[in-house]
């Protein structure tokens, strides 16, 4: 395998792993709770994109029937299964985001801060 | 409707109840609890019927939408699932009966939401147990997770922050699970558990499969609060309201253990189980030591949960039949014990107004029946013979001996001694401390004029039933193992 | 700065329409088009990208836009505050009930080819069944998103 | 030309958007950057042929997440310490 | 402390990268998830959906058919997740009545 082919086949995976790590970095290192939530949605996006990349096929079209192509050869269409799974995952991500903002608003109402070290102090 | 609808009916009843509780609750506020209890009872009946059928005629499946896997999703009712389902619905049902009066006290005006979320939690947990599809499992995981975030967030002043930490770690766990699932899906091309178990041997030693399994196990470890990843658990259990803790603590983390067992069975117990068993052994000791340092009763129980999860994971990861039986029996025991302990802690908090271990004086006089139930659970926790905890620990120790892992035997024994220490403090301060020497004379006056002041009838009754169940599990442990668990042991 | 923002936001929502007539008219004019788009996306999900969830989000977006511009009091006529959660339960019930109907008529759960509609072959029954459950999803998603917005604002 | 190179460029923009969103101290600006992030991921999905998912991501990013994000920031604090 | 976190994170990312380069390459029509027959000679879900979605439900958009029919229970779960989010927000933020 040449370096060129390697880049074509695997660059997307590697970049998405980097994105995953960036999201985790945001969740671990950032001290503001809203920043943590942003890290969370970055992590979820990277997983979603990972599945989407896995559904790609060379020379295939989108998974809506093209009557000129017919449906006998599955190589002509993208794999629709990961797309479907990720629709569900996106919905789950959005709802988790809503609940986390509800929690953040509750925390802010009680402690008037979203800065994590301060919150830890207040918890003691 | 035929019999093979049973696996569907169990989560589905909870889903339907979760939808009907807000509708009924907006008409009659009190209607929410009876509806929830009725749904749990119906599911318990379905679980028992399904269990009878499993042990009469073997595993059966329900193909959703009529599509056979791998095209569609299937629900599988096998011996292990049956065991977990009966445990979850039984404990859940009793906790829901218990929660009636205390929910009025602690989460007044939010009862409709509480019962709707409790139904969603149980739907998610039972669905995770019964499903045979790895992505469907993720959906159920998120249902139960969302419900438990919300349930934990209502409690004392600090509850929202601990719920937020749980949410952050839980979402990372779910994302790791999904990432691992992506790796496995891309290298096997299927999401169905049975089919994946058949395909994995063809690709087993490849790095992407190993990493995928590790990611899934990491996600499950975060969800079950395995020792180094337990950061969310103590705060969450301490700060949440009593009914929420009593509902989540016994069964919430166990289903993550079930997920781990499933993944290990699918992947044929790969070599990483050695690492897992060491982590679990460290967790046993560390959880017990951390529990000794606590003065809040609920917090102490939370750390003891961390230690007990270590026992269970150790038993699973030793990968021999005896240890596996011990782990599964300990899951049942721990669910019963933690339910009793947290339920009586809720009762103690509502009557004494404190959970500080050093202020529990006079407890046996004031609440004799609660104390009796509490003591039975403590005996089981420490491992005193007629109770269930003794026998599951014996199985675990025999399993460790069979694997000739003497370090783990030592870990279990040391942790038993530590268990004895931290529970003995509670007993000491509630039974044997003299009434003198308090800084607060008003408090003194109050505890001197002790009269019997028990929990209300439904709370007490469900607590006592569970305490009796602990003894029953101990007395009939041979029958339980032979009839219900032996069929669930995978081939090692 | 922050407190001022917050007060402004809340006052606008509690008391009535905001000052600028341009924003007011634009939002009122735009909302029906968004709603039509949402309905189109929902009904056209069989033939092109789209479906229940996307349609539901678009419908919710139009109503949230009206809430932002008209204020909470005036937009009550479009979607009262108490309605969303029962409506969401109803949406999920439409979905669950369709599946249950199929099960009661002898099939597996959610097997639309067993739906009790006469004179349709199984494939057409599935077509209809998909439309019905997408309707449930639309209702549920729309009302839940509105409910989340209301609750975040009214807390 | 090289179709996958377009993807790499889009992914790079995505990563930069994520880093900027995490780095900005003004949370409102960070939220706007996160909307760019969401839009970029929708674009990548279109490039990879996942039109349904791209449509959902775009609708959600513009219609739901953006509104909820901004609402939450207006109701809490707009400044971040890091 | 910060350095240790970043080190852990970097090694985690490195582990994932090592695993990722062993995955089937992007766009491979013969990867296990994309081909029509698996190693056990059974059908693979993705190819089955492509070939049969229109025949089974008269719907050209395969994703819709999978979403609502083949894997309909996932979507029911998704709807329930949405409902759970709504109830959770209500439970958390609605002021106590009575």
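Just so it is clear, none of the values below were taken in a lab; they were calculated from the coordinates. This structure is a prediction, so every number in the text was calculated from the model and none was measured. All Cβ positions, even for glycine, are placed from backbone atoms using ideal geometry, and neighbour counts span all protein chains on display.
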Worksheet entry | Hull-based mean projected area of chain D, where the convex hull spans the alpha carbons, in square nanometres | 5.4
Worksheet item: Which whole number in µm²/s is D for the range B:169-311 by Stokes-Einstein, with the Kirkwood Rh taken over Cα pairs at 10 °C and 1.306 mPa s?
Response: 100
Worksheet item: What angle, in degrees between 0 and 90 and rounded to the nearest 10, separates the Cα long axis of helix A:3-29 from the longest principal axis of the Cα atoms of chain A?
Response: 20
Discussion item. At R0 = 51 Å, how high is the FRET efficiency between residue C:123 and residue C:25 if r is their beta carbon distance? Nearest 0.05 is fine.
Written reply: 0.60
Worksheet entry | Centroid-to-centroid separation of the range E:44-98 and the range C:138-155 [C-alpha atoms, Å] | 18
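What whole-number value in cubic angstrom gives the convex hull volume per residue for the C-alpha atoms of the range A:3-123? Provide the component values of the computation, followed by the final result.
Values: hull volume 12.6 nm³, N = 121.
It comes to 104 Å³ per residue, whole-number rounded.
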Worksheet item: Taking the Cα atoms only, what angle lies between the long axis of helix B:321-352 and the longest principal axis of chain B, rounded to 10 degrees?
Response: 30
Discussion item. For chain C, set up a GNM with springs between Cα atoms under 10 Å and report which of C:55, C:99, C:91 has the largest fluctuation.
Written reply: C:99
Worksheet, complete the sentence: Checking C:82, C:67, C:28 against a Gaussian network model of chain C (alpha-carbon springs below 10 Å), the top fluctuating residue turns out to be C:82
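Considering only DSSP beta bridges whose two residues both sit in the protein assembly as shown, what percent are antiparallel, to the nearest 5? Numbers along the way, then the final one.
On the way: 12 of 14 bridges.
Rounded to the nearest five, the antiparallel share is 85 percent.
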Worksheet entry | Tilt relative to chain A, helix A:80-111 - C-alpha long axis, 0 to 90 degrees, to 10 | 10
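Can you pull the Rg over Rh of the range C:27-107, Cα-only, Kirkwood? Don't jump to the answer; show the numbers that get you there.
Working: Rg = 15.7 Å, Rh = 14.4 Å.
Ratio value, two decimals: 1.09.
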Response to the item:
Taking max minus min of the Cα coordinates of the range B:251-317 on each principal axis, largest first, gives extents in Å of 43, 23, 11
Practice prompt. For the protein assembly as shown, report the convex hull volume of the alpha-carbon atoms normalised per residue, in Å³, without decimals.
Written response: 168
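Just the number, please: Stokes-Einstein D of chain B in µm²/s, Kirkwood Rh from C-alpha pairs, 10 °C, 1.306 mPa s. Don't jump to the answer; show the numbers that get you there.
Numbers: Rh = 22.7 Å.
The diffusion coefficient I find is 70 µm²/s.
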Discussion item. One quarter of the convex hull surface, Cα atoms only: what value does that give for the range B:1-128 in nm²?
Written reply: 8.1
Worksheet item: If each Cα of chain C is one equal point scatterer, what is log10 of I(q)/I(0) from the Debye formula at q = 0.14, 0.18 Å⁻¹?
Response: -0.76, -1.04
Item to complete: Whole Å is fine, so just give me how far the alpha carbon centre of the range B:453-472 lies from that of the range B:150-217.
Response: 36
Worksheet item: Distance from the Cα centre of the range D:62-82 to that of the range A:26-99, in angstrom?
Response: 24
Fill in: 10 Å-binned pair-distance histogram of the range B:301-439 (Cα, whole percent)
12, 40, 27, 15, 5, 0
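If the viscosity is 0.890 mPa s and the temperature 25 °C, what translational diffusion coefficient in µm²/s does Stokes-Einstein give for the range C:73-133 when Rh comes from Kirkwood over Cα pairs? Could you put the intermediate results ahead of the total?
Values: Rh = 13.0 Å.
In µm²/s, the coefficient rounds to 188.
Based on alpha-carbon atoms only, what is the radius of gyration of the range B:62-218 relative to the globular estimate 2.2 N^0.38 Å?
Values: Rg = 18.3 Å, N = 157, 2.2 N^0.38 = 15.0 Å.
Cα Rg divided by the expected 2.2 N^0.38 Å: 1.22.
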Fill in: Added length on full extension, which subtracts the Cα-Cα distance from 0.36 nm per residue, residue B:28 to residue B:454
150.5 nm
Worksheet, complete the sentence: Candidates A:54, A:11, A:45; GNM for chain A (alpha-carbon contacts under 10 Å) flags as most fluctuating A:11
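Kirkwood Rh, Cα Rg: Rg to Rh for the range E:2-70?
Working: Rg = 18.8 Å, Rh = 15.1 Å.
Across the range E:2-70, the Cα-based Rg/Rh ratio is 1.25.
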Fill in: Distance between modelled label sites at residue B:350 and residue E:2, nm, 7 Å Cα→Cβ extension
4.9
